[in-house]
Amino acid sequence: MNKILSIFLLAFYFILPKECNLSTTAPEVSANTTTDSFFVFGPPVVFKNMLGINAFEWNFLQDPKNPNDGSGIFEPKMKLIRSFGGVRHYLDWQKIEPVEGSFTFNPTNNGGWDLDTIYQRCKEDSIDVLVCLKNCPDWIQNTYPADSRDAENVPAPYGLDRSKPASYIEQAKAGFQFAARYGSNKNIDPTLIAVNTTPRWTGDHVNEAKTGMNLIKYIECDNERDKWWKGDKAHQSAQEYAANLSAFYDGDKGKLGKGVGVKNADPAMQVVMAGLAATDTNYVANMIKWCKQNRGYKKDGTVDLCFDVVNYHLYANDHKNNSDDQRTVGVAPELCETGQVSDDFVKLASAYNLPVWVTEAGYDVNPHSPQRAISIGDKSALITQADWILRTALLYARHHVQKLFFYELYDDNIQSYTQYASSGLVDDNLVRRPAANYIYQAKKLMGQYIYKRTISQYPLVDEYVYQDKIMYVLMLPDQTGKTFPYHLSLTNSKNVILYKLNPSSTEMVEARPVVNNNSIDVHVTETPVFIQCQSVK
């Protein structure tokens with residue numbers, strides 16, 4: 001999502017299907033269903049990877065009391081970012097290349113942001129960063145007619161053939177420069193580096209040409225390229241975006257010359273396709289088909305794809321499938337097609353050994369937003385947001401999505417009725433909301449655990465493992481305030497601890513439950529509860 005959306009755009013954006021469809025059936029109620037899917041769909045799902053957050057450079061650097069200084073980490077903000085399992089950094093192309101062919105990173109000549117500082121600190125704090133390089137710089141926008149200029153236009157000069165990878169060479173050059181600097185490859189021809197070392201004013205910090213800083217492993221090629229709601233100027237078909245990606249990935253297999261494409265700077269950097277606004281696997285399937293036809297096959301017989309990660313966005317709400325109805329309210333993640341959509345993407349991607357990420361999901365707290373969380377019983381909307389956020393993370397682990405990033409760290413405008421404007425998990429006073437507290441607590445307790453299986457569908461009971469420990473996570477997939485008594489059989493009753501989430505703290509509430517015959521009785525609610533015990537070696 002962009003930081004600022006026009007009123008005209010918002011009028012159409014309300015009906016976009018970047019959301020799940022409300023289920024018309026009740027959740028499965030068998031308490032004996034076991035889904036043992038340990039590692040079936042690729043690498044193990046590490047739970048902390050379900051706890052990412054979307055953020056901007058000013059969320060790291062800017063002291064609210066000194067907003068004009070973006071030169072250093074603001075420690076209170078960094079402390080909050082460490083709550084999460086990863087960061088998706090929205091980085092406008094304009095920031096690093098405000099003038100064609102002239103790149104600045106530390107500081108950026110547009111905005112004065114020190115990207116080196118952000119990425120170095122994230123590496124020191126073991127925070128994986130996905131950089132979403134998005135939007136057209138002014139010098140690309142200015143090639144469009146005056147009444148069609150928009151930062152979210154197709155990232156190619158106006159009038160070029162969008163079906164040709166060469167039309168996207170300028171964006172692919174930017175990808176090369178970024179990967180050359182922040183990737184892991186130090187053996188890059190220095191004559192290909194185009195860093196502007198001219199100071200902006202006397203005494204200004206000067207940009208230095210650097211390569212192989214080994215700070216970034218993942219880069220996303222733009223954002224929501226299927227944005228049909230903005231018309232032809234901004235929408236790309238699957239085939240057009242595949243051509244775009246082919247240039248960005250490796251300079252269309254090197255055909256576009258030197259200094260073009262991420263992989264030609266750092267073969268190890270992973271290229272993530274832009275998160276799709278529509279949950280349409282056909283879009284990805286058509287991208288793969290384009291690759292077969294235009295990039296062919298590798299020596300091992302696999303398709304020569306131009307992306308390493310499949311990526312989409314989904315916001316759970318009451319929009320009905322195959323309907324023109326507008327969304328009116330957010331819903332619990334299990335009560336719509338969130339799981340089915342992820343299964344469809346994972347099934348498609350796994351056939352090509354690709355992981356699936358979801359890089360936007362979340363709920364608003366403004367009571368008038370059509371993406372709002374609701375109060376349930378004595379729970380405020382903030383508590384429901386926290387419940388649904390954490391249950392979304394657990395759901396995606398259950399369905400073998402490899403990474404998840406919530407939208408977003410801070411509100412755009414909590415007073416706005418517009419969807420996504422009040423999705424923040426931290427308030428403007430740098431205080432964690434309950435959702436951020438839940439994420440902090442869950443990450444601390446079981447961030448390194450990996451999902452093993454689901455042993456019950458109602459209540460939902462997931463089993464995670466780490467070293468010699470087992471973690472059971474129990475919750476009701478509902479939004480009515482129900483409770484459920486559940487008899488949990490343990491693999492081993494040694495060192496059993498029950499953990500309950502605390503919405504107003506970063507520390508969970510611990511208890512030692514009564515264990516009888518290797519089992520315990522658990523009072524299950526819509527807020528996840530955690531049971532840890534030592535496994536049998």
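So what is the calculated 222 nm ellipticity per residue for the chain, using -39500 (n - 2.57) for each DSSP H run with n of 4 or more, over all residues, to the nearest 500 deg cm²/dmol?
Values: 12 runs with 121 residues, N = 537.
Estimated from H runs of four or more residues: -6500 deg cm²/dmol.
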Exercise for review: Please name which of Leu474, Gly424, Ser519 has its Cα lying farthest along the dipole of region 381-525 towards the positive end, using unit charges on Cβ (Lys, Arg +1; Asp, Glu -1) and the Cα centre as origin.
Suggested key: Ser519
Review point. Roughly speaking, to the nearest percent, how much of region 154-294's 1.4 Å accessible area is carbon and sulfur?
Key: 47
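Based only on Cα atoms, what Rg/Rh ratio does region 233-362 have, Rh being taken as Kirkwood's radius? Before the final figure, lay out the partial values.
Working: Rg = 16.5 Å, Rh = 16.1 Å.
Dividing the radius of gyration by the Kirkwood radius yields 1.03.
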Check your understanding: Given that just one value was derived from the coordinates, which of (1) 23.3; (2) 28.1; (3) 24.0 is Kirkwood radius over Cα pairs in Å?
Key -> (3)
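So how do Ser102, Ser163, Ser456 rank on accessible area, 1.4 Å probe, biggest first, that is with the largest at the start?
Numbers: Ser102 25, Ser163 55, Ser456 0 Å².
The ranking, largest first, comes out as Ser163, Ser102, Ser456.
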Check your understanding: How big is the gap, in Å, between the Cα center of region 127-159 and the Cα center of region 481-505?
Key -> 49
Exercise for review: Could you tell me which of Tyr315, Ala146, Ile497 has its Cα farthest along the dipole of the chain towards the positive end, charges placed at Cβ (Lys, Arg +1; Asp, Glu -1), taken about the Cα centre?
Suggested key: Ile497
Check your understanding: What's the carbon and sulfur percent of region 437-537's accessible surface, probe 1.4 angstrom, rounded to a whole number?
Key -> 46
**Study point:** Probe 1.4 Å, protein heavy atoms only - accessible area per residue of the chain in square angstrom
**Key:** 39
Point to revise | For region 355-491, diffusion coefficient by Stokes-Einstein and Kirkwood Rh (Cα), 10 °C, 1.306 mPa s, µm²/s | key: 99
**Study point:** Burial order of peptide ranges 90-100, 237-247, 192-202 (average beta-carbon count within 10 Å, highest first)
**Key:** 237-247, 90-100, 192-202
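Determine the dipole magnitude for region 246-340: charges of +1 sit on the beta-carbon of Lys and Arg, -1 on that of Asp and Glu, nothing else is charged, the reference point is the Cα centre, and the result goes in debye to the nearest 20. Don't skip to the answer; put the middle values down first.
On the way: 11 positive and 12 negative charges, 137 e Å.
Once rounded to the nearest 20, the dipole reads 660 debye.
Quick one: putting +1 on the C-beta of Lys and Arg, -1 on the C-beta of Asp and Glu, what dipole do you get for region 386-537 around its Cα centre, in Debye to the nearest 20? Don't jump to the answer; show the numbers that get you there.
Numbers: 15 positive and 14 negative charges, 138 e Å.
Dipole of region 386-537, to the nearest 20 debye: 660 debye.
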Study note, to complete from the structure: Kirkwood Rh over alpha-carbon pairs of region 107-191 plugged into Stokes-Einstein at 37 °C, 0.692 mPa s gives a D in µm²/s of 216
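Summing +1 for each Lys or Arg and -1 for each Asp or Glu, what net charge is found among the other residues whose Cβ lies under 9 Å from the Cβ of Ala166? Each step should come with its number before you reach the end.
Numbers: positive: Lys164, Lys255; negative: Asp161, Asp252.
Taking every other residue near Ala166 into account, the sum is 0.
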Practice item. Can you tell me the dipole magnitude for the chain around its Cα centre, using point charges on the Cβ only (Lys, Arg +1; Asp, Glu -1), in Debye to the nearest 20? Key: 1220
Revision key, fill the gap. Among Lys227/Lys255; Lys253/Lys299; Lys255/Lys298; Lys217/Lys403; Lys379/Lys482, the pairs whose Cα-Cα distance exceeds 18 Å are Lys227/Lys255
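Could you order Phe484, Phe60 by accessible surface area, starting with the largest, using a probe radius of 1.4 Å? Let's see the in-between values first.
Details: Phe484 60, Phe60 0 Å².
I get Phe484, Phe60, largest accessible area first.
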Exercise for review: Can you pull the one-decimal nm distance between simple spin-label points at Asn518 and Val431, each 7 Å off the Cα toward Cβ?
Suggested key: 4.8
Review point. Along region 183-196, what does the Karplus equation 6.51 cos²θ - 1.76 cosθ + 1.60 (θ = phi - 60°) give for ³J(HN,Hα), rounded to whole Hz, x for Gly and Pro?
Key: x, 9, 8, 8, 8, 10, 4, x, 6, 8, 7, 10, 8, 7
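The values are calculated or read from the model by the stated rules, or taken from the named source; none is laboratory data. All values derive from a computational prediction rather than experimental measurement. Neighbour counts are summed over all protein chains in view; Cβ atoms, including those assigned to glycine, are modelled from backbone coordinates with ideal geometry. For accessibility, only protein heavy atoms count, side chains too; no ligands or nucleic acids. Shrake-Rupley method; radii C 1.70, N 1.55, O 1.52, S 1.80 Å.
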